[in-house]
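Colleague: Here you go, one structure.
The values are calculated or read from the model by the stated rules, or taken from the named source; none is laboratory data. Given the structure is predicted, the values throughout are model-derived calculations rather than measurements. We place every Cβ from the backbone using ideal geometry, glycine too, and count neighbours over all the protein chains shown. Accessible surface is based on the protein model in full, side chains and every heavy atom, while ligands, DNA and RNA are left aside. Shrake-Rupley method; radii C 1.70, N 1.55, O 1.52, S 1.80 Å.
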Amino acid sequence: MAMLESIHLKNFKSFADAEVKLAPLTVLVGANGSGKSNLLDALKLVQRLELGWTLTEALQGRREAGREVAPALRGGSMGVARSAGALVELTLRWSSGRELLTHGMGIEVRGEPAFRWERMTLDGAVRAVWNAAVGKEGLPKAVRPTLPSEDGIHTVLVPSKAHQSFFREARYSRWSSRTMEAALFLEVLPARMRGYSPQQDIELGTEGENISSVLWSHCQRHPEAQQEWVDWLAELCGPEIVGLDFSRTELGDVMLVLAEKDGTRTPARSLSDGTLRFLGTLVALRTVREGSTVILEEPETGLHPQRIHLLVEFLESVVRERGLQVILTTHSPQVLLALSPEALKSTVLCARTPDQEGTVLRRLGDLPHFEDVSQRSNIEHLFTTGWLERAL
């Protein structure tokens, strides 16, 4: 299983120069505008580039047949650099067993966005580099073998590399589908989850729109797993949930129905936003490929404060059981209260301070005296009184 070990950002949006280590479950906290969403935008940008998108597509959005199929990154190309004309640098480091893969890039956003350099390192021994200094004119029409230089760096010349990452050409086969390329950015939208979905549609969409067919298929293939969904929903909901059922049409479309102890049957179209968000998150993390990276923004939205601990319990258990890596943002002190001590120390504070340039990233466990202070005062108090920011 691969895990994103760290991310280093320079001149990217609110980040002047910040690096942070990540854990299997990493919670991002901080005030509005502190940089939490900017960090997730960096991950989304790298994913798009690793998928083979051009820099312009990754920043400005993608269109096919005249229609938008993917929105622009927030702010587009004009909003990516912290200071105009400066080089934007992003470096991600992954681990898999004893192997380390580092993917770094430098992007210039003057007029049309372009790479100034890109670098891949595997275990510090086999490296591939593209640098604008190699020259953009007269590049070969096809990819050449790597050209080793005296210092061991391998230069890869690929057409149009000023506008597109060489990741797909230079990556190593055993790392396929292990990096941001395969990450899931989950944005569960209850309004998209209330309709019928085709029963053959069994891979959950990023907005949870086909949750009924995914659950139907999962319960067909794993009948014993149905009780797990019932148990979680019974803990969450006011009415006592005793079973899952499905309404089916003649065309083979299905809709989830919750069965209550008193005989009431509530279809997905009538379920609350909070119930659908909770269920969508559970289904996504239970059915995504093992070892995947999943990114969530404020998954506790719509949940009763006394039920948020259920979400955290599920997140910590599914990360252990399925080898997942989950990165999420939150504004809820209840999320922090429910975290295990290990996950709490790995929580990352995003903050802006008067005496430091740009967003600061710091794990709570690395804050001075955090462990001692947190034993005397609960994390909710430290969170709501601003002690965490002052500790920087």
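Colleague: Of Arg116, Arg168, which has the most accessible area with a 1.4 Å probe, and how do the rest follow in descending order?
Modeller: Per-residue accessible area, sorted high to low, gives Arg168, Arg116.
Colleague: Continuing with this model, one more query. Let me have the relative contact order for the chain, percent, based on Cα pairs under 8 Å that are six or more residues apart.
Modeller: Worked out over the chain, it gives 18 percent.
Colleague: Here's a follow-up. May I ask you to work out the translational diffusion coefficient for the chain at 37 °C, viscosity 0.692 mPa s, via Stokes-Einstein with Rh from the Kirkwood sum over Cα pairs, reported in whole µm²/s?
Modeller: 144
Colleague: Using the basic label-point model (7 angstrom from Cα toward the beta carbon), what is the Thr384 to Asp355 distance in nanometres?
Modeller: 2.8
Colleague: Considering only protein heavy atoms and a 1.4 Å probe, what is the carbon-and-sulfur percentage of the accessible area of the chain?
Modeller: 46
Colleague: What relative contact order, as a whole-number percentage, does the range 185-289 give when Cα pairs under 8 Å and 6 or more residues apart are counted?
Modeller: This gives 28 percent for the range 185-289.
Colleague: So for the range 281-371, considering every pair of alpha-carbon atoms, how many percent are separated by more than 21 Å?
Modeller: Above the 21 Å cut-off, the range 281-371 has 38 percent of its Cα pairs.
Colleague: Just to make sure I understand: if all protein chains stay in place, what is the order of Ser377, Ser34 by accessible area at 1.4 Å, largest first?
Modeller: Correct descending sequence by accessible area is Ser377, Ser34.
Colleague: Also: Which aspartates and glutamates have a Cα less than 17 Å from the Cα of Lys10, not counting those fewer than 8 places away in the same chain?
Modeller: Glu19, Asp41, Glu89, Glu108, Glu118, Glu357
Colleague: Now for a separate question. Let's test this: bin the Cα-Cα distances of the range 185-289 at 10 Å from zero up to the farthest pair and state each bin's percent.
Modeller: Whole-percent P(r) values from 0 Å outward: 16, 54, 29, 1.
Colleague: Also, quick follow-up: Suppose all protein chains stay in the model; what accessible area per residue would a 1.4 Å probe give for the range 185-289, in Å²?
Modeller: 48
Colleague: Excluding ligands and nucleic acids, what accessible area in Å² is computed for Phe246 using a 1.4 Å probe, to the nearest 10?
Modeller: Near enough 40 Å² of accessible area.
Colleague: Looking at the range 323-392, which GluC sites (Glu not before Pro) are DSSP coil and have at most 16 other C-beta atoms within 10 Å of their C-beta?
Modeller: Glu357
Colleague: Compare His8, His304, His218, His369 by solvent-accessible area with a 1.4 Å probe and give them largest first, with all protein chains kept in place.
Modeller: Sorted descending by solvent-accessible area, the residues read His369, His304, His8, His218.
Colleague: Among Gly111, Val69, Gln227, whose Cα lies farthest out toward the positive end of the dipole of the chain, if unit charges sit on the beta carbon of Lys, Arg (+1) and Asp, Glu (-1)?
Modeller: Of the options given, the answer is Gly111.
Colleague: If I stretch the segment between Thr206 and Ala65 completely, what's the gain in nm (0.36 nm per residue apart, minus their alpha carbon distance), one decimal?
Modeller: Length difference between fully extended and current span is 48.6 nm.
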